[in-house]
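Working notes, structure below.
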Amino acid sequence: MNSRVNKRGLALLSIFLLATQLIFVVSRRVNATVVQSSSSTVTRHKESTSAGYILTFQLSASESLDAGETVIVDFHEDDSGFTLDGASLAAADIDFNDGTERTVVASSCSADEVEFSAVDATGIVTFTLCAGSTGSSTGATITVEIGDTAAGPGTNRLTNPTGTTPFSSEINVSGSFGDDAFATDVPIVDDDQVTINAQVDTFVTFDLDVSDGSHSDTDDPYSIDLGELVYSSVTDESTSGVSEIYLDIDTNADGGAIVQVLSANGNLSSSISGDNIPSNTGALTTGTANGNYGIGASENAAATEGALTVESPYNVSSPNVGAVSNLSFQPLFNTGAAPIVGGDGEVDVRAISGISTSAATDYTDTLTFRATATF
């Protein structure tokens, strides 16, 4: 009789203990919480390359990071994962934010600071919110930055794993912050950079036109007919029927461009009479013995980019002129040692004969313009 009672008692006790264990297991599963979100970001995905690292995760709505609690990041150095230079890892290489930007220290932990420790052999970094700290809010987002992503600025202490690319490398996060441990993955590739190549050719464009009153495209050959010159009045760009010389210049030369002019004769010469009208810098004056001839210049329209500047002595208006030379090219325009787009210049030919100038129908000169860009 007693034997039966004992057996029955033992059976009931076993059932009770089993039920208690089941209740405990179910209770643990019901009470377990998981982070709301998580991500791992690296600054480089190329295998065997040093990289900065950012871990971000949001605690569950009921959990917070409190004083004394830890966040443990396992880079799996002992399992073909990331290589951690734990010996060199310094506080300046790390940022830790749980809603508050925490001061990170390697030792001598004080309230509201985060102390870190690293194990080279395993690639595990542990972060501890120091005793006496004010904890984070519940559901806080925690961000851990290691390397050049840290504000230190930090130095990269992680090296990406090597393997048959592409592959994913797992990083595990655990600790005593209340939520379950979790894993994030980082993709590793053979290369994460694309080199872009391009070239920009040097260019300089230069064009002449001859037209009356406004700049318009005209065809060669270019010529200007000054008509009949007299000693009593100046012939210039405002004289009816007298055209102007217009020029276009564009260049991407860093040193800009200059436009120069060379006269074939240095004067208006006549082969019939053997006489000439000289070219001198100054004002065209009525009633002189020999007359005068030259040019003036101006910027016809503002450039789209840059500016076209007239060189002295040609930056004059009528009745003044700058002399033309047959000895060497003379500077006429410059772009201020800078590139220019839409450079638009005007050159005006002006002349007056003298009282003693011989009559002839073939007074002539030829002006040659050249543009030089400095790259």
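The values are calculated or read from the model by the stated rules, or taken from the named source; none is laboratory data. Computed from a predicted model, the values in this text were never measured in an experiment. Heads up, the Cβs are rebuilt from the backbone with ideal geometry, glycines too, and the neighbour counts pull from every protein chain shown.
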Exercise for the section: Answer yes or no as to whether Glu305 is of a type in the set (D, E, K, R) and without any contact (Cβ under 8 Å) to a residue 60 or more places away in the chain. Expected result: yes
Practice task
Could you tell me whether any residue of the range 213-234 is surrounded by 19 or more Cβ atoms within 10 Å (Cβ to Cβ), modelled with pLDDT of 95 or more, in a strand (DSSP E or B) and touching a Ser or Thr at 6+ places or on another chain (Cβ under 8 Å)?
Solution key: no
Exercise for the section: Go through Ala151, Ala131 for me and flag whichever is closer than 20 Å to Thr41 by Cβ and touching a residue at least 12 places away in the same chain (Cβ under 8 Å). Expected result: Ala151
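Which ones in the range 264-280 are assigned to a loop (DSSP other than H, G, I, E, B) and within 15 Å of Asp236 (Cα to Cα)? Reasoning before the result, please.
To start, the set of residues in the range 264-280 that are assigned to a loop (DSSP other than H, G, I, E, B) comprises 264-266, 270-275, 279-280.
Residue satisfying the conditions is Ser279 alone.
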Exercise for the section: Only residues that are touching a residue at least 24 places away in the same chain (Cβ under 8 Å) and among the charged types (D, E, K, R): list them for the range 211-249, please. Expected result: Asp212, Asp236, Glu237, Glu244, Asp248
Problem - Filter pass, Val194 being touching a residue at least 24 places away in the same chain (Cβ under 8 Å) and not charged (D, E, K, R) - result: no
Problem - Only listed residue being surrounded by 12 or more Cβ atoms within 10 Å (Cβ to Cβ) and under 18 Å from Ala90 (Cβ atoms), chosen from Thr126, Thr141 - result: Thr126
Problem - Count of residues meeting criterion [closer than 18 Å to Asn265 by Cβ and small (Gly, Ala, Ser)] in the range 292-328 - result: 5
Problem - Filter result (more than 17 Å from Tyr222 (Cα to Cα), touching an Asp or Glu at 6+ places or on another chain (Cβ under 7 Å) and assigned to a strand (DSSP E or B)) within the range 343-375 - result: Gly343, Asp344
Problem - Enumeration of residues in the range 87-141 that are assigned to a loop (DSSP other than H, G, I, E, B), under 16 Å from Phe177 (Cα atoms) and of a type in the set (Asp, Glu) - result: Asp98, Asp112
